[in-house]
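The next block holds one structure in the form of structure tokens; read it before the comments.
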Amino acid sequence: MCESVIAQVVQDDGRLKLPVRFDEMHRLQRVFFTTATLRTLISSQGILGAIQDYWRAIEVAIRPPPPYADEQCYSMCDLLVGTCVAGFMISASSNGPVPDEIVQSLSLEGQPSFQERVHHPPFDLLRLVRASGSRVLNALLTYGGGVLPTLLLLPDQIMHLPMVLFPFSLGVSPAICTRNEQTGLLDPPAEGTRQKTNLMTSTVLLTLAKRLQDESLANSHLPGLGGSINVSVSLVILLYYLALSLSPSPSTYNNLGILLCALSNSRTIRNTQGQKGLLNGPTLARFYYQAGLRIDPNHPHLLTNLGSLLKDQGRVEEAIE
């Protein structure tokens, strides 16, 4: 039944056959989400088909309202690559410049350079990523040693992701905006519509992240992403960042903190006074636990995990408290 609904409403390339009210876009996402869940229940081999349904549930939200050109027919691959680039941009002030090989892959012949675009915002990052084809993806995979790079972003930094990815809709999922007939610009929807779509998109992203943490999928190629992106911890972290940026919740902060705790990666950061410090997985996990506790100071899992982390760092009195 779900497949019948999808076939009547959505083309194979993800474009809408029929108009969908922007305040009901989250319901269309739910149909894809339910289809994916059913695939995994019907067959143990259904996970790869389910992953593609999850991709499509997200893609209908990140494309502008129709009609739109092919260069705005954004895919999940575009979103993941764009999020990686956005992460480098957001952390550039504390982590040094965006890596040169990534900058070069985004500088297209006959057009302003990436640096020029960055210094004259807003610019359409997803559109630039899509126009670059496989160049920026290949640059990211080379930089990450065969997988997408592991980005160590602070909780307040990931909250900037929607605005960097969707500047022309003020950080709102483009699909739920209305196109102004006079100016061509996107007008954001009512707050209730934004929250419902953000929550549904975040739910899909979190479900994807948890599915990809299954050991049976470790290092496997993911369908629908051009055959180049493998399952990795760095990919799962990206999905968590996106989910949190759209719909923050204590449980998501907790789960991301657990994932970050096990990281061996680290980077040097500079504070606003220019002083250097080391940011590693456990330190970053503590920031995420603390961010979750600001939402729910009595969350038992956050309190327990923060206590365990402090104990491991030798801060026993704080851990007991």
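The values are calculated or read from the model by the stated rules, or taken from the named source; none is laboratory data. All figures in this text were calculated on a predicted structure; none of them were measured in a lab. Glycine also receives a Cβ, built like all others from the backbone with ideal geometry; neighbour counts cover every protein chain displayed. When the accessible area is computed, the model is the full protein with side chains, heavy atoms only, and any ligands, DNA or RNA have been set aside. Shrake-Rupley method; radii C 1.70, N 1.55, O 1.52, S 1.80 Å.
Details
- Over segment 1-131 - Rg/Rh using Cα atoms and the Kirkwood inverse-distance radius: 1.06
- For the chain, a Gaussian network of Cα nodes joined below 10 Å ranks A291, A69, A50 by mean-square fluctuation, and the top entry is A69.
- Nonpolar atom fraction for segment 166-321, defined as the carbon and sulfur part of the 1.4 Å probe accessible area, stands at 51 percent.
- Relative contact order, whole percent, for segment 167-221 stands at 25, derived from Cα pairs under 8 Å and 6 or more residues apart.
- Cα centroid separation, segment 158-201 to segment 244-305 (Å): 27
- Extents of segment 194-260, largest first, come to 33, 25, 15 Å (Cα atoms, principal axes, whole angstrom).
- Hydrodynamic radius by Kirkwood, which averages 1/r over all alpha carbon pairs of segment 101-184, in angstrom: 14.7
- On a per residue basis, segment 1-111 carries 47 Å² of accessible surface, using protein heavy atoms and a 1.4 Å probe.
- P(r) weight above 13 Å for segment 22-70, C-alpha pairs, percent: 57
- For segment 87-143: rounded, prolate or oblate by the Cα gyration tensor [a/c cutoff 1.5]: oblate
- M25 - accessible surface, heavy atoms, 1.4 Å probe, Å² rounded to 10: 10
- Angle in degrees between helix 300-312 and the longest Cα principal axis of the chain, rounded to the nearest 10: 50
- Separation of the S113 and S4 label points, Cα + 7 Å toward Cβ, nm: 5.8
- For segment 181-321, alpha-carbon Rg and Dmax in angstrom: 18.3, 62
- The residue list I295, S251, L235 was ranked by how far each Cα lies along the charge dipole of segment 230-321 toward its positive end, using unit charges on Cβ atoms, and L235 comes out on top.
- Here L38 and L217 are evaluated by their C-beta separation; at R0 = 22 Å the FRET efficiency comes out at 0.70.
- Amide hydrogen proximity for V10: with H placed 1.01 Å from N in the peptide plane, the residues at 5 or more positions away or on another chain lying under 5 Å are K17.
- At q = 0.15, 0.29 Å⁻¹, base-10 log of I(q)/I(0) for segment 215-254 (Debye sum, equal scatterers on each alpha carbon): -0.45, -0.93
- Structural descriptor for the chain: relative contact order 16 percent, calculated from alpha carbon pairs under 8 angstrom and at least 6 residues apart.
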